[in-house]
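Have a look at the structure below before the remarks.
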Amino acid sequence: MDPVNPPQTDRPSTDEPTPLRPEPSVSQAASPPSPAPHTPPPGYWQMMPPPRRGRGCLFYCFLLFVLASLAGFALFVATPLMAFLAVGQETMHELAKGSDGGSGFQESYVPGSGPPDCSRKIALIGVKGVILSRSGRGFANAGRIVAEIDQARLDRAVVAVILDLDTPGGEVTASDEIHRAVQRCRKRKPVVSCMRSLAASGGYYVAAGSDWIVANRHTLTGSIGVLINSLNYAELMTRLGLKMETIKSGEMKDILSGSRPRTESEHQYMQELVQEAFHEFAAIVAAGREEYADVDAVLAADFADGRILTGRAAKEAGLVDQLGYLDDAVDKARELAGGGSAKLIRYRHRVPLSKLLLGLDAEQVTPTALVPAELRAMRAGCLFAIWPRALTGGTE
């Protein structure tokens, strides 16, 4: 075997030519040859596609903005259109009902008050809160109450009306409007008043017009009288160095101004106005109670000084017909209506769709809503038939 030219071994053939090796020197001839460096077989280099970019959050934000814009535009267009259609439908409905038909109320059955399918009904109308001509949280709106009484009066299926009273009174004018509606209703069907915890002053003004009065023995009623309030801050303005300048057409044009003291003639004049309203209140009591023949009889009674009375004391004074509860008032209403079964119903205010969509019927929540209703009700210069202690929440 030739050491210089070793035998050739089988090697895989490659496309590349084998590089030439230099001739070994004498010193290198004796050493074994170093192995050739490993050459990897030629491979196929595959080009990888570039990484695929995902859709960033900017695209989705833009898409969300477009969808929100479309939804807002649709709502902007659809709401007035639906309100317009609702108003038109309500108008056509009113024309179809006629001038004396229909109402703005829905009836709700009082569970357990009688057979639900009974055709005869007794309307239970609430007078809760301070009686006023305006609406508000904690107020008994005279307009709403009058409308409910008129609805019961015109409904032939209603055989009697019960006034559910829990009120300290309120404006003389508002109380008088309800009293007048009660008088109209009595010409067609009986009216029974049920006094709960409180039915004082203007509350009794309303109840005096009914056919029968039922009160709990612990009810606070009475307070028959009229008052007018006005805050005088003249002394405070003097201490602060302030002075109100008023140009008026007559001496009494600013009669209840709080920026100056009252004169004797002004005080006397306002007292006459209060006494005039009180005499009319006494006439209402005399007309509604058989125990008192005329106004003078009412003015001569102990309660004419405006004192509060319990239900028991009011019964003894002839201001109440019966001591009892709501069940007793219902039984009396059925009796006055000629007997027989009758279910109890309440009226609920029906909100038109147009107001519901446009939010016109929503109650406005203001900081003054935190003030008790009795204090918010008192307006300077307005005649009130109200129990004064209710204005302080029962505290001095």
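Readers should treat all values here as calculations from the given coordinates under stated rules, not as data from a laboratory. Computed from a predicted model, the values in this text were never measured in an experiment. Quick reminder, even Gly has a Cβ in these numbers, built from the backbone with ideal geometry, and neighbours come from all protein chains shown.
Using packing as a proxy for protection, rank 316-322, 216-222 so that the peptide with the highest average count of other Cβ atoms within 10 Å comes first.
Details: 316-322: 18.7, 216-222: 21.6.
Sorting 316-322, 216-222 by mean packing, highest first, produces 216-222, 316-322.
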In sequence order, calculated HN-Hα J values of the range 116-124 (Karplus, 6.51, -1.76, 1.60; Hz; x Gly/Pro)
x, 8, 5, 7, 7, 10, 10, 7, 9
Taking amide hydrogens as modeled 1.01 Å from N in the peptide plane, which residues meet the under 5 Å criterion relative to Ala200, leaving out close sequence neighbours?
Thr167, Gly169
Residue-count net charge about Tyr269 - beta-carbon cut-off 12 Å; Lys, Arg +1, Asp, Glu -1:
-4
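Sort Ile145, Ile224 so the one with the fewest other Cβ atoms within 10 Å of its own Cβ comes first. Working shown, then result.
Working: Ile145 23, Ile224 28.
Exposure proxy ranking, most exposed first: Ile145, Ile224.
What's the local net charge at Arg120, with K and R +1, D and E -1, over the other residues with C-beta under 12 Å away?
Details: positive: Lys121, Arg156, Lys189, Arg334, Lys343; negative: Asp117, Asp155.
Neighbourhood net charge equals +3.
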From the cross-link list Lys121/Lys187; Lys189/Lys343; Lys128/Lys187; Lys315/Lys343; Lys121/Lys332; Lys189/Lys315, the entries with a Cα-Cα span beyond 19 Å are Lys128/Lys187; Lys315/Lys343; Lys189/Lys315
For Lys189, the net charge from surrounding residues (Cβ-Cβ under 10 Å; K, R +1; D, E -1) works out to +3
How large is ³J(HN,Hα) for each residue in the range 184-191, as worked out from phi by the Karplus curve 6.51 cos²θ - 1.76 cosθ + 1.60 (θ = phi - 60°), to whole Hz, x for Gly and Pro?
5, 5, 5, 6, 10, 7, x, 10
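Ranked highest first by the average count of other Cβ atoms within 10 Å around their residues, in what order do 328-335, 161-168 fall?
Numbers: 328-335: 20.0, 161-168: 25.4.
So the order, starting with the most tightly packed, is 161-168, 328-335.
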Residues whose placed amide H lies under 5 Å from that of Leu344, excluding near-sequence neighbours:
Val110, Ser113, Gly114, Ile122
Least to most buried among Cys61, Cys194, Cys118 (fewest other Cβ within 10 Å first)
Cys61, Cys118, Cys194
Just to check I understand the Karplus step: with θ = phi - 60° and J = 6.51 cos²θ - 1.76 cosθ + 1.60, what whole-Hz values come out for the range 231-241, glycine and proline as x?
8, 10, 10, 4, 5, 5, 5, 5, 5, 7, x
Long-range amide H partners of Arg217 with built H, under 5 Å:
Gly324
Can you compute the label reach from Leu299? Point 7 Å from Cα along the Cβ direction, backbone N cut-off under 18 Å, restricted to the range 260-276.
268-276
Relative exposure of Tyr109, Tyr292, Tyr269, judged by other C-beta atoms within 10 Å (fewest first)
Tyr269, Tyr109, Tyr292
